[in-house]
Structures are given as structure tokens and as C-alpha cells.
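What follows is a single structure, written as C-alpha cells, with notes after it.
The values are calculated or read from the model by the stated rules, or taken from the named source; none is laboratory data. Everything numeric here is computed off the predicted structure, so don't read it as measured data. Positions of Cβ are backbone-derived with ideal geometry, glycine not excepted, and every protein chain shown enters the neighbour counts. These accessible areas exclude ligands, DNA and RNA; they are computed on the full protein's heavy atoms, side chains included. Shrake-Rupley method; radii C 1.70, N 1.55, O 1.52, S 1.80 Å.
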Amino acid sequence: MPVVLEVINQPDAADLADLEKIYADYPLPPVASFTDWLFDQRSAGKTLVAGRFNGSLLAALWLDGEQIEHLCVREVTRRRGTARQLLQLLQSHAALLKLSELRVAGHEALEPLWRQLGFTLEGHVWVWRP
């Protein structure tokens, strides 16, 4: 399934519904609503990057500068390489997005994926440089 990378500045109603499905089982901080959480992320200056297939968003992450946060794949599409495709697309678009590196902390369960994508562990942070 070929995933297309998108920077989502203004999610429409369908995107919001897809994002709620993506983050349905993700441990979000306590907030009044999912929409409030999205607004808080945008207000903090973070960029929403998503993977789209057949018109639907299947995966998403937030970029806080060069830091990857809240990487999540919709439950029904996990274990099909969707996160890998999204991250590979992000790596290939790094220059266009003005990223000199990508950093991610946590997501220990994804250590094999980070290694496969060329990230190196620096302290407690995985780092990728083009």
C-alpha cells in the first residue's frame, strides 16, 4: 500500500475523523477533547505530518522542530509497513521541510525500525542525519 506524505495544516472533517481513529488507543494527556489536544499541539508550534492511502489518513506524527513526537498508526493498518513508509517519506523530504536531522525519544518498541531506517542512538535519543 503506497502511502503519500502530507503536512496537515487545516484538517477537514474527514481528516479529523481519521486522526481520531489513528489516535484512538494512543495514551494522550488528559484534555477536554481530542480536538483540544490537536489545537494544543498546533498552538505549541508543532507540525502535523500524516500518511494518506486511498484518501484516508492511516498514520500521523508531530514534528516539534526536528523532534518526532506522537507517532501512531491506525490500529487496523498496523504491521503492514505504514510507519516505515511514513518515516522514509519524511526522510526523503527532509531538505524540503528544512530538517537537518530527525530525532525521536521513547518508542523503545520501535528500536528495530529506527535502526533499519538509519537512526543511531545518541544517549537516550534516536537521531537520523541525511
TODO: Can you quote the Å³ per residue value for the convex hull of the Cα atoms in the chain, rounded to an integer?
DONE: 113 Å³
- [ ] Measure out, as a whole number of angstrom, how far apart the alpha-carbon centroids of segment 1-26 and segment 55-89 sit.
- [x] 9 Å
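Given segment 21-130, what percent of its DSSP beta bridges are antiparallel, to the nearest 5? The partial results should precede the final answer.
Working: 19 of 21 bridges.
Counting DSSP beta bridges with both partners in segment 21-130, the antiparallel share is about 90 percent.
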Task: Sum of -39500 (n - 2.57) over DSSP H runs of 4+, divided by residues of the chain (222 nm, nearest 500) - done: -8000 deg cm²/dmol
Open item on the list: Can you list residues from other chains, or at least 5 along the same chain, whose modelled amide H is less than 5 Å from the amide H of ALA59?
Closed with: GLY51, ARG74
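Measure off, as a whole percent, the carbon and sulfur share of the 1.4 Å-probe accessible area of the chain, all protein chains present.
Whole-percent figure for carbon plus sulfur exposure: 53.
Averaged per residue, what accessible surface does segment 40-130 expose to a 1.4 Å probe, in Å²?
On the way: 4700 Å² over 91 residues.
That works out to 52 Å² per residue.
Can you pull out the trypsin sites (Lys or Arg not before Pro) in segment 40-130 whose DSSP state is coil and whose Cβ has at most 12 other Cβ atoms within 10 Å?
Details: sites: ARG42, LYS46, ARG52, ARG74, ARG78, ARG79, ARG80, ARG84, LYS98, ARG103, ARG115; in loops: LYS46, ARG74, ARG78, ARG79, ARG80, LYS98.
Of the trypsin sites (Lys or Arg not before Pro), the ones in loops of segment 40-130 whose Cβ has at most 12 other Cβ atoms within 10 Å are ARG79, LYS98.
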Open item on the list: Viscosity 1.567 mPa s, temperature 4 °C: give me the Stokes-Einstein translational D for segment 86-130 in µm²/s, with Rh taken as the Kirkwood radius over C-alpha pairs.
Closed with: 121 µm²/s
